[in-house]
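Take a look at the structure below.
Values in this text are rule-based calculations from the coordinates and carry no lab data. Please read these numbers as outputs of a predicted model, since none were measured by experiment. No Cβ is skipped: glycine too gets one built from the backbone with ideal geometry, and neighbour counts run over all protein chains shown.
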Amino acid sequence: MNGRTIAGPCIALLGVLLVAECGADAPTIRLVYGDPESTRLEVSVNTCNRNPSVDAEETNEEVRLTATADEPSGDDREDCLDGVDLTLKTPLGDRIVVDDSTDEQVEVAPLED
């Protein structure tokens, strides 16, 4: 195989990966920062400057996050993580955080001052 034979499929695959990461479908939660004794969460969402918002559904066992965003505009796709500050009704405590779009638990890193 020569370089031209491989280049086409590689470029196509790269394009698919970039679109998937930038959240062409439902936005997903990538990172969450918070502290057990705090009601404040910092949430990173893969929305590529699409004006994201995050809602929380809280139970005694978990905090389920749902991210929404505006439709893609085709503008800046280089910076694909957007930050959203969220205030919970009660401190996080030992509850797990779940991304509602994937139904997967998201690790919570400590907030940095």
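Here are some notes:
- Taking each residue as 0.36 nm, the span from N51 to I96 lengthens on full extension beyond its C-alpha to C-alpha distance by 13.6 nm.
- Which of T59, T102 has the fewest Cβ neighbours within 10 Å, and the rest in rising order: T59, T102
- Gain upon complete extension [N60, R40; 0.36 nm per residue less C-alpha separation]: 5.5 nm
- Nonlocal amide H pairs with V97, under 5 Å, H built at 1.01 Å: V63, V106
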